[in-house]
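Report on the structure given below.
The values are calculated or read from the model by the stated rules, or taken from the named source; none is laboratory data. Please read these numbers as outputs of a predicted model, since none were measured by experiment. As a convention, Cβ positions derive from the backbone with ideal geometry for all residues, glycine included, and neighbour counts pool all protein chains shown. Heads up: the accessible areas ignore ligands, DNA and RNA and are worked out on the full protein's heavy atoms, side chains in. Shrake-Rupley method; radii C 1.70, N 1.55, O 1.52, S 1.80 Å.
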Amino acid sequence: MTSSTKIRIVCIDDHPIVREGLASIIALQSDMEMAGGAESGAQGLALFRRLKPDIALVDLRLPDMNGHELTRQILEHSPGARIIVLTSFEGDADIERALAAGARGYVVKGVPREELLGAIRAVHAGKKHIHGFVAEKLAEHMGSEKLSERELQVLKEMAAGKRNKEIGAELSIAEDTVKMHVKNILEKLQVNDRTEAVTVALRRGILHLD
């Protein structure tokens, strides 16, 4: 198979060991080649524009931006780009955001290499690839009411251990309004207290602590 007919791949991940490991796996495939790698969103965007690869493997957590934003920016410049999220995040909110941004595949790090290679080939062929485990995560919370932007702000302050009065001061809203938002958050996440709300939000990827 000539170089021009192989699936050309770039990997955008800030961990060198991940990029090197993927390059080693790709090198063993007769129908693929690793065209390049980048360790940040800005580098990845520039690399994609320069190399115009067939597939981009994108991590969700990058030093300068998240993978959802990078996916959106790549597609703004190259609407036909085929992007697969390759990440350690398994929460349904992370998955939903990635797919909404335009990713055509979602693969969790640690899956067998055949799973990843199959995803690359499927997405290159114009299909979407969502592993059964990922689909189950989405189905588990399908129809759940989403938190509003303000509720997400309150939740983030809750995760920082702030009380209602402190949250109100930080967000410039009344303490009673904060209480209403907290009540709504608990109901939407189907939990009984603030600690459980933060725990569930972190597990589902609704909230990330830097």
Q: Quick one: dipole size for region 136-210, taken about the Cα centre, charges +1 on Lys/Arg Cβ and -1 on Asp/Glu Cβ, in debye to the nearest 20.
A: 40
Q. Taking the alpha-carbon set of the chain, what are its Rg and Dmax in Å?
A. 19.5, 67
Q: Order 88, 144, most accessible first, counting only protein heavy atoms with a 1.4 angstrom probe.
A: 88, 144
Q | Lysine pair number, Cα distance threshold 21 Å (strictly under), the chain, separation 8 or more or different chains | A | 26
**Q.** Percent breakdown of C-alpha pair distances by 5 Å bin, ordered from the shortest bin, for region 53-159
**A.** 2, 12, 21, 22, 20, 13, 6, 3, 1
**Q.** Cα extents of region 129-210 along the three principal axes, largest first (Å)
**A.** 44, 26, 21
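Calculate the dipole size of the chain relative to its Cα centre from +1 charges on Lys and Arg beta carbons and -1 charges on Asp and Glu beta carbons; express the result in debye to the nearest 20.
Computed charge dipole of the chain: roughly 500 debye.
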**Q.** Solvent exposure of region 54-133 as accessible area per residue, Å², 1.4 Å probe
**A.** 42
**Q.** Three-way shape call for region 9-51 based on the alpha-carbon gyration tensor, with the a/c threshold at 1.5
**A.** oblate
Q | Cα gyration tensor, region 116-172 - rounded (a/c under 1.5), prolate or oblate | A | prolate
